[in-house]
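Peer 1: The structure's right below; bear with me while I get my questions together.
The values are calculated or read from the model by the stated rules, or taken from the named source; none is laboratory data. Remember, it's a predicted structure, so these values are computed and weren't measured experimentally. Methodologically, a virtual Cβ is constructed for each residue, glycine included, from the backbone with ideal geometry; neighbour enumeration extends over all protein chains shown. Keep in mind that these areas ignore ligands, DNA and RNA; they rest on the heavy atoms of the full protein, side chains included. Shrake-Rupley method; radii C 1.70, N 1.55, O 1.52, S 1.80 Å.
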Amino acid sequence: MTEHDITLTVNGTEHDLTVEARTLLAHALRDELGYTGTNIGCESSLCGACTVHLDGEAVKSCTALAVQADGAEIRTVEGLADGDELHAIQRAFQEEHGLQCGYCTPGMMMTSVELLKENPNPTREEIREGLEGNLCRCTGYQNIVNAVENAAESLRSGAVADGGTVADDPTADDPTTTDGGESK
Amino acid sequence: MFPDEFDYYEATSVDEAIDLLAEHSGAETELLAGGHSLLPAMKSGLSSPDVLIDVGGIDDLHGVSVDGDTLVVGAMTSYSDLLDADAAHKHAPAFAAAVGQVGDEQVRNRGTIGGNLAHADPASDLPGAALASDATIVAEGPNGEREIPIDDYFFGMYATALDPGELVTRVEIPSAAGAAGAYAKKPSPSSGYAMVGIAALVETDGGTVTSARVGANGVLDHGVRLEAVEEALVGGSLDQESIEAAAAVATDGIDEAMMMSDLQASAEFRATLLEAYTKRALRATAENAAPRAAD
Ligand SMILES: Cc1cc2nc3c(=O)[nH]c(=O)nc-3n(C[C@H](O)[C@H](O)[C@H](O)COP(=O)(O)OP(=O)(O)OC[C@H]3O[C@@H](n4cnc5c(N)ncnc54)[C@H](O)[C@@H]3O)c2cc1C
Ligand code: FES
Ligand code: FES
């Protein structure tokens, strides 16, 4: 058995930790570092509940070794909101009832954020294709697609910045509030 | 689900990877690329290597470039990075189309071109496309570098012409900028892997097909070219009638006894899919031919 000293920067905070070679990124985040917002569902790369951003890309953290992520920037669902200010995607899931039990939601949102970064104006079909790797047992997906459309609209209109500043917020014009707080 | 214990080494160069492979040749050793075939197999206990050599971070093995008439794809280039490269769509339309249909977004962000072709899963999307694209697999080992033409590369299920001490360093694809290509796939309803997948690359001159390469996944235990279809296409035009005629010979030359048959699909059903998806791939190729000709 080999152990490895690694550094993970999670939501902007640097963590040094020692992991077994076989420790999965999902377990390092949840069990070692306490980022339990990342859910583990199928454990077999299929459900997407464990999706996080690894250097800006959505990945299933149950299918990556923690050692492979040494030195990487990771963003989990805990890193979406800016303090008390919800991220556009979080507000949209809330407004559109994009969740029931909520188990799939962290992964759904992390994949959606990447989708909207690559394609700010997706069709409903493109949203469904983009979320192909995330399963939901509750909602029937309609409201999830509605939520992603809603978030796309508010992000495009600039009403809600990536990081969650809303239009009727007096600080909305302040350029320093337009960043999600993610250091990349 | 945890993998069994193993020793992990990170190679920072191709030479270091080759040295590590030689050093650990006595143990059960696996290279780790994107990990999207290997880690699921290790977690489910199907594979329990003693040593993993991570080659995913070797800088030289990343990226897509054009060298003269050749598209060069670093073995550790992820599917997403290939899809982001305009050159891949321009020079390797059939290959890029197949890459776009692998798994889902998260899988495409992690899995690699070289890992896929080294793994040689018969239900994978890339073998057929690599065959249709006339790719060359470039591998490096203790005796230096060698080029393996794709027609000599796939041996069987998870079996290729690679030697144990070698790693794939890049995939070279002759430019098909003047051709049209497409990939048509019947995904497994559960796994999303290809039950059958057909890649086609067709060149036309004044409406007449001058060359055609068609590769199939999910039919035999390794990717295979549909030579009867290729022959039927050349000399004709890519219209509805000739597409029907070419697809009708899709199973010609394929030994029925060797056709894959499993829980997903019987050999008989695969034969039916083979014809139907050959038709779809060729129709899509014909549709793609029009705009490319206008470029
Ligand atoms: C949920 C899910 C869905 C998927 N769906 C599809 C699909 O629809 N279509 C499809 O084609 N694939 C699919 N895959 C598989 C995926 O494409 C894998 O990424 C691919 O098969 C292997 O590439 P990798 O980089 O992940 O390799 P790894 O898993 O890291 O390695 C696979 C094997 O190749 C060997 N290897 C890796 N790199 C090299 C190298 N440079 N030289 C020599 N040997 C090497 C390794 O030792 C190992 O034995 C899916 C995977 C998952 C988890
Ligand atoms: S827990 Fe990772 S994909 Fe389901
Ligand atoms: S809300 Fe329950 S799984 Fe999606």
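Peer 1: Restricting the range B:64-101 to residues that are away from ligand 1 (no atom under 13 Å from the Cβ) and among the hydroxyl-bearing types (Ser, Thr, Tyr), which is surrounded by the most Cβ atoms within 10 Å (Cβ to Cβ)?
Peer 2: Within the range B:64-101, the match that is surrounded by the most Cβ atoms within 10 Å (Cβ to Cβ) is B:Thr70.
Peer 1: Any residue at all in the range B:233-252 that's open to solvent by 20 Å² or more (accessible area, probe 1.4 Å), part of a loop (DSSP other than H, G, I, E, B) and free of Cβ contacts under 8 Å to residues at least 24 places away in the same chain? Don't jump to the end; show me each part of the working.
Peer 2: Here is the first cut: in the range B:233-252, the ones open to solvent by 20 Å² or more (accessible area, probe 1.4 Å) are B:234-242, B:244-245, B:248-249, B:251-252.
Next cut, part of a loop (DSSP other than H, G, I, E, B) only: B:234-236, B:238-239, B:248-249, B:251-252.
Retained after the next criterion (residues that are free of Cβ contacts under 8 Å to residues at least 24 places away in the same chain): B:249.
Looking through the range B:233-252, at least one residue is open to solvent by 20 Å² or more (accessible area, probe 1.4 Å), part of a loop (DSSP other than H, G, I, E, B) and free of Cβ contacts under 8 Å to residues at least 24 places away in the same chain.
Peer 1: Turning to a different aspect of this structure: For the range B:161-190, how many residues meet the condition of being within 26 Å of B:His89 (Cα to Cα) and within 14 Å of ligand 1 (Cβ to nearest atom)? It would help to see each step written out before you state the result.
Peer 2: Our first condition is that a residue be within 26 Å of B:His89 (Cα to Cα); within the range B:161-190, this holds for B:167-188.
Add one more test, that the residue is within 14 Å of ligand 1 (Cβ to nearest atom), and what stays is B:167-171, B:183-188.
The total comes to 11.
Peer 1: Which condition breaks for B:Ile173 when tested against (1) open to solvent by 50 Å² or more (accessible area, probe 1.4 Å); (2) in contact with a strand residue (DSSP E or B) (Cβ under 6 Å, 6 or more places away or on another chain)?
Peer 2: The failed condition is (1).
Peer 1: Then there's this: If you take just the strands (runs of 3 or more DSSP E) that sit entirely in the range A:36-102, which of them hold at least 2 residues that are crowded, with 21+ Cβ neighbours inside 10 Å and touching a Pro at 6+ places or on another chain (Cβ under 9 Å)? First the steps, then the outcome.
Peer 2: Values: elements: A:51-54, A:57-60, A:73-75.
So the answer is A:51-54.
Peer 1: Scan the range B:1-28 for residues that are farther than 20 Å from B:Leu46 by Cα, in contact with a helix residue (DSSP H, G or I) (Cβ under 6 Å, 6 or more places away or on another chain) and open to solvent by 60 Å² or more (accessible area, probe 1.4 Å) and jot them down.
Peer 2: The one that is farther than 20 Å from B:Leu46 by Cα, in contact with a helix residue (DSSP H, G or I) (Cβ under 6 Å, 6 or more places away or on another chain) and open to solvent by 60 Å² or more (accessible area, probe 1.4 Å): B:Tyr9.
Here is a yes/no grid of residues against (1) closer than 22 Å to A:Gly56 by Cα; (2) within 18 Å of the chain's Cα centre (by Cα); (3) within 16 Å of ligand 1 (Cβ to nearest atom); (4) surrounded by 14 or more Cβ atoms within 10 Å (Cβ to Cβ):
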position	(1), (2), (3), (4)
A:Cys104	yes, yes, yes, yes
A:Thr111	yes, yes, yes, yes
A:Asn121	yes, no, no, no
A:Arg124	no, no, no, no
A:Arg128	yes, yes, no, yes
A:Thr139	no, no, no, yes
A:Glu149	yes, yes, no, yes
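Peer 1: Restricting to the range B:46-63, and then to whatever is of a type outside the set (D, E, K, R) and away from every other protein chain (no Cβ under 12 Å), can you tell me which residue is surrounded by the most Cβ atoms within 10 Å (Cβ to Cβ)?
Peer 2: Pass one, the range B:46-63, residues of a type outside the set (D, E, K, R): B:46-49, B:51-53, B:55-58, B:61-63.
Cutting the leftovers down to away from every other protein chain (no Cβ under 12 Å) gives us B:47, B:58, B:61-63.
Values: B:Ser47: 16, B:Ile58: 22, B:Leu61: 25, B:His62: 16, B:Gly63: 15.
For the range B:46-63, the residue satisfying everything is B:Leu61.
Peer 1: Follow-up. Inspect the range B:153-169 for any residue being in contact with a strand residue (DSSP E or B) (Cβ under 9 Å, 6 or more places away or on another chain), touching a residue at least 40 places away in the same chain (Cβ under 8 Å) and more than 21 Å from B:Glu30 (Cα to Cα) and give the result as yes or no.
Peer 2: So far as the range B:153-169 goes, no, none of its residues is in contact with a strand residue (DSSP E or B) (Cβ under 9 Å, 6 or more places away or on another chain), touching a residue at least 40 places away in the same chain (Cβ under 8 Å) and more than 21 Å from B:Glu30 (Cα to Cα).
Peer 1: For the range A:132-156, which residues satisfy the criterion of being outside any helix (DSSP H, G or I) and touching a Ser or Thr at 6+ places or on another chain (Cβ under 6 Å)? Even if it seems obvious, please write down each step before you answer.
Peer 2: Going through the range A:132-156, the residues outside any helix (DSSP H, G or I) turn out to be A:132-141.
If the condition is that a residue be outside any helix (DSSP H, G or I) and touching a Ser or Thr at 6+ places or on another chain (Cβ under 6 Å), then A:Asn134 is the only one that fits.
Peer 1: Does the range B:1-18 hold any residues that are within 14 Å of another protein chain (Cβ to nearest Cβ) and among the aliphatic types (A, V, I, L, M), and which are they? Spell out the reasoning first.
Peer 2: At the first step, the residues of the range B:1-18 found to be within 14 Å of another protein chain (Cβ to nearest Cβ) are B:1-12.
Within the range B:1-18, B:Met1, B:Ala11 qualify.
Peer 1: Here is a further query. Would you check if B:Ala200 is in a strand (DSSP E or B), open to solvent by less than 40 Å² (accessible area, probe 1.4 Å) and in contact (Cβ under 8 Å) with a residue 60 or more places away in the chain?
Peer 2: Details: in a strand (DSSP E or B): yes; open to solvent by less than 40 Å² (accessible area, probe 1.4 Å): yes; in contact (Cβ under 8 Å) with a residue 60 or more places away in the chain: yes.
Taking the combined requirement at face value, the residue satisfies it.
Peer 1: Give me a count of the residues in the range A:122-143 that are within 9 Å of ligand 3 (Cβ to nearest atom) and in contact with a helix residue (DSSP H, G or I) (Cβ under 6 Å, 6 or more places away or on another chain).
Peer 2: Number satisfying all stated conditions: 1.
Peer 1: When the residues of the range A:1-29 are filtered to those that are over 22 Å from B:Gly34 (Cα atoms) and not polar (S, T, N, Q), which remaining residue is farthest from the other protein chains (Cβ to nearest Cβ)?
Peer 2: Among them, the one singled out is A:Gly12.
Peer 1: Further question on the same structure: What are the pairs with Cβ atoms under 7 angstrom where one residue, in the range A:82-103, is more than 14 Å from chain B (Cβ to nearest Cβ) and the other, located anywhere, is open to solvent by less than 60 Å² (accessible area, probe 1.4 Å) and within 16 Å of ligand 1 (Cβ to nearest atom)? Sequence gap at least six, or different chains.
Peer 2: Within 7 Å, the pairs are A:Tyr103/A:Gly41; A:Tyr103/A:Ala49.
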